[in-house]
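For reference, the structure is listed below as structure tokens.
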Amino acid sequence: MCVIISKNKGQEIPSKEFLRKAWNSNSDGCGFAYNFNNKVYILKGFMDFNKFYDKLTIIDKVYNLKNRDVVFHFRIATHGKIEPLNTHPFLLPANNEKFVNKNEMSTTNGCFFHNGILYRLR
């Protein structure tokens, strides 16, 4: 089962050791989201822990993540390919827009993480 870690505003980001444990048990990719200026910033597609942690460290220095809500997701693949596109979070489409899945940094009004299997309904 995937690991989802939520950090509230005012709390320190989890330690490198804590995040490494999450990665070691769910190493099929990761991503995270944080709030800033009434937007949600998404960074996903990390397939290497050190690249993830290096980016997190940079974002923390720039945006002071202690003052932000942050959610992390560490994936273990039960369905779907092990690839950056299948890492979380996913953008929530707005006002009947088509769902777009990106594996890069994005800004949005909302996103979601899940811990299970979502099937495409047609």
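The values are calculated or read from the model by the stated rules, or taken from the named source; none is laboratory data. What you are looking at is a predicted structure, and each value in this text was computed from that prediction instead of being measured. Neighbour counts run over all protein chains shown; Cβ positions are idealised from the backbone, glycine included. Surface accessibility is based on the protein's heavy atoms, side chains included, excluding ligands, DNA and RNA. Shrake-Rupley method; radii C 1.70, N 1.55, O 1.52, S 1.80 Å.
A Cβ distance below 9 Å, combined with a sequence gap of six or more or placement on separate chains, defines the contacts here; from segment 22-40, residues that are buried (at least 23 other Cβ atoms within 10 Å of the Cβ) reach residues that are of a type in the set (Gly, Ala, Ser) in the pairs GLY29/GLY45; GLY29/ALA77; CYS30/ALA22; CYS30/GLY45; GLY31/GLY45. Just to verify a result, which residue in segment 1-12, among those that are at pLDDT below 95 and open to solvent by less than 70 Å² (accessible area, probe 1.4 Å), is farthest from THR78 (Cα to Cα)? It comes out as LYS7. Looking only at segment 77-92, residues that are open to solvent by 60 Å² or more (accessible area, probe 1.4 Å), assigned to a loop (DSSP other than H, G, I, E, B), touching a residue at least 24 places away in the same chain (Cβ under 8 Å) and of a type in the set (A, V, I, L, M, F, W, C) come to 1 in all.
Of the strands (runs of 3 or more DSSP E) lying entirely inside segment 1-72, those containing at least 1 residues that are over 14 Å from the mean Cα position of the chain (by Cα) span 30-36, 39-46. Applying the selection to segment 51-76, what residues are under 15 Å from SER15 (Cβ atoms) and either loosely packed, with under 13 Cβ neighbours inside 10 Å or among the β-branched types (Val, Ile, Thr) (or both)? Selection gives THR57, VAL70.
Scanning segment 1-43 for residues that are over 12 Å from ASP69 (Cα atoms) and in contact with a helix residue (DSSP H, G or I) (Cβ under 7 Å, 6 or more places away or on another chain) yields VAL3, LYS16, LEU19, ARG20, TRP23, GLY29, CYS30, LEU43.
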